[in-house]
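Reading through the structure tokens given below for one structure.
The values are calculated or read from the model by the stated rules, or taken from the named source; none is laboratory data. Being a predicted model, the structure only gives us computed values, none of them experimental. Methodologically, a virtual Cβ is constructed for each residue, glycine included, from the backbone with ideal geometry; neighbour enumeration extends over all protein chains shown. Calculation scope for accessible area: heavy atoms of the full protein, side chains included, ligands and nucleic acids excluded. Shrake-Rupley method; radii C 1.70, N 1.55, O 1.52, S 1.80 Å.
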Amino acid sequence: MKRSLVYLVGAGPGDPRLITVKGLDCIKKADVIIYDYLVNVDLLKAARPDAEFVYVGKQGGAHTLEQDEINKLLVRKALEDKIVTRLKGGDPYVFGRGGEEALVLSENRIPFEVVPGITAAIATPNYAGIPVTHRDFTSTFGLITGHEDPTKDESSIDWAKISTGIGTLAFYMGIKNLPYITGQLMKHGRSKDTPVAVIRWGTTPQQKTVVGTLETIVQKAKDIRPPAITIVGEVVKLREQLNWFEHKPLFGKTIVVTRSREQASEFADQLYEYGARVIEFPTIEIAKPDSIQPLDEAINNIQSYNWLVFTSINGVDAFFQRLFELGKDIRDLKGIKVCAIGPATEGGIEKYHINVDCRPPKFVAESVVEELKKVTAIRDQKFLLPRADIARSFLPEELEKLGGIVTDLVAYKTIMAQPANINLLDKIKSGEIHIITFTSSSTVRNFVQIIGEKNIAALDGCVQFASIGPITTQTAEEMGFRVGIRAHEYTIPGLVSAILENTLSGN
Ligand code: SAH
């Protein structure tokens, strides 16, 4: 029997990796996830595919659901004997109305647990280079709501005490009231020269930080919109030395990844490490071939082959998946030599505990033929090439010219992905996107299909294009793209390096 349980979980300040291990577990096991505006939706990817999602976000006072309705929803879902994960930005008990929600659960005798999260007042200054305490500057740190109505007769904030009694002050929800807040602090004795930082969307690649003093910050931060936190205190000065996040090489860059959803994460992770904001815009999907029969026949006669040649990780996975589905295992491959193009393909093969016998130094078909010639006589050798439906004919043709006996078959199919639900064209034209990456010719072709051929010319100058290798570059150029960033090594790390070099050289 299932029992109802509600987890009130702090999702952390924005960077999806700043959730706790327990918080992530609660996402993984939830039947229902109820989440707020400040929760990074990337976290929802960890949920079960059949989980129900309910968005109850509040954005600057515009409530999708009133708090009272959120409370009722929590109770109702829990009474359906469900595991409910209530995800809240930062920490659930810091200005998040988590206390109210927990009380409602308690009153309704619904079991609950509260999972702490990293709150904005600690994480966002950190990502802006500001430690909230430091022995030389302050021994106290206060978390204050900036949301208080300035026209209220009696303030619940004792401005006289906090202005001079606490070293570092963090104001949540204080953007609209910034003139009031800074005015109150100065009026109650805090020096007008006290350093202040306002940090918007902290810990995310969109983070923006503005620094001033109590006297100047209102003017300097006039373009900053919520969500932003205001940090007041001498510690703000440390930002000059400790600003590690905003100095990451790709910080401030927005990069589009067009490869399939399954393959995007490795690339996206590397770009993230360098501080980039990544938009996943899959243009291709990997699907089963129209007929599995040729692959089955090859696998059933696998011992008649001398060489297995893999040109992509998709080919590796499709081949081994089918091998196992047919009840075979790697012992059936005994004695067959293996050739792999590129480290990712090789890594895919090694995952099945099989060594690679031939690794071409360049990751194009031309290099495969050259390298194979070095390690084997081609004539009368039987080669199996489990590849994509759209693979180039160069490799089988060359091997056959040299007397090889080639079975070139479709192990997987590349189809066009359903376009992601974002208006990429507008984002490109408005300058929000800096680099679009192509990792195969089919990503180029499908990108053009999705965006529309007539729109391509207008993109020139708005955005840079990056390509993984010469064949992809050639396809891109034929389709009218100016490819300014080219990988020297035709791999994802090679492409990341080329993007880094390009950025560091000031583009
Ligand atoms: N429970 C949350 C706070 C909710 S109140 C927490 O512990 O962080 C909402 C306010 O938090 C916003 O108005 C803003 O002041 C602050 N905030 C939350 N996330 C933020 C972020 N990524 N960057 C800047 N401020 C943030």
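Some values worked out for this structure:
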{"quantity": "For the range 1-148, size of Cβ-based charge dipole, Lys and Arg +1, Asp and Glu -1, in debye", "calculated": "440 debye"}
{"quantity": "Three-way shape call for the range 122-243 based on the alpha-carbon gyration tensor, with the a/c threshold at 1.5", "calculated": "oblate"}
{"quantity": "Considering only the range 287-416, percent of DSSP beta bridges that pair antiparallel, nearest 5", "calculated": "5 percent"}
{"quantity": "Per-residue SASA entry for Ile122, accessible area with 1.4 Å probe, Å² rounded to 10", "calculated": "80 Å²"}
{"quantity": "Selected from Gly315, Thr472, Phe267, residue furthest toward positive end of dipole (the chain; charges at beta carbon)", "calculated": "Phe267"}
{"quantity": "Only Lys, Arg (+1) and Asp, Glu (-1) charged, at Cβ; the chain dipole about Cα centre in debye", "calculated": "540 debye"}
{"quantity": "Shape of the chain, Cα gyration tensor, a/c cut at 1.5", "calculated": "prolate"}
{"quantity": "C-alpha center-to-center spacing [the range 101-153, the range 264-312] in angstrom", "calculated": "45 Å"}
{"quantity": "Protein accessible area in the range 122-243, 1.4 Å probe - carbon and sulfur %", "calculated": "51 percent"}
{"quantity": "Student exercise, the range 287-416 dipole from Lys, Arg, Asp, Glu Cβ charges, in Debye to nearest 20", "calculated": "220 debye"}
{"quantity": "Cleavage-rule hits, chymotrypsin sites (Phe, Trp or Tyr not before Pro), the range 318-423, DSSP coil, Cβ neighbours within 10 Å at most 16", "calculated": "Tyr352"}
{"quantity": "Listed residue (Ile175, Gln206, Ile144) projecting farthest to the positive dipole end of the range 122-214, Cβ model", "calculated": "Gln206"}
{"quantity": "Relative contact order for the range 122-243, counting Cα pairs under 8 Å that sit 6 or more residues apart, in percent", "calculated": "34 percent"}
{"quantity": "Cysteines without a disulfide-compatible neighbour (Cβ-Cβ under 4.7 Å), the chain", "calculated": "Cys26, Cys462"}
{"quantity": "DSSP beta bridge pairing in the range 122-243, given as percent antiparallel to the nearest 5", "calculated": "75 percent"}
{"quantity": "Rounded to 5, the percent of DSSP beta bridges in the range 5-118 classed as antiparallel", "calculated": "15 percent"}
{"quantity": "Mean separation of Cα contacts under 8 Å, 6 or more apart, over the residue count of the chain: relative contact order %", "calculated": "10 percent"}
{"quantity": "Positive minus negative residues near Lys362 (Lys, Arg vs Asp, Glu; Cβ under 11 Å)", "calculated": "-3"}
{"quantity": "Those trypsin sites (Lys or Arg not before Pro) in the range 316-423 that DSSP places in a loop and that have at most 15 other beta carbons within 10 Å", "calculated": "Lys328, Lys334, Lys351, Arg379, Arg392"}
{"quantity": "Across Lys152/Lys220; Lys248/Lys413; Lys45/Lys413, pairs whose alpha-carbon gap is larger than 29 Å", "calculated": "Lys248/Lys413"}
{"quantity": "Helix-only mean residue ellipticity at 222 nm for the chain, each DSSP H run of n ≥ 4 adding -39500 (n - 2.57), per residue, nearest 500", "calculated": "-9500 deg cm²/dmol"}
{"quantity": "The chain, accessible area per residue, ligands and nucleic acids excluded (1.4 Å, Å²)", "calculated": "48 Å²"}
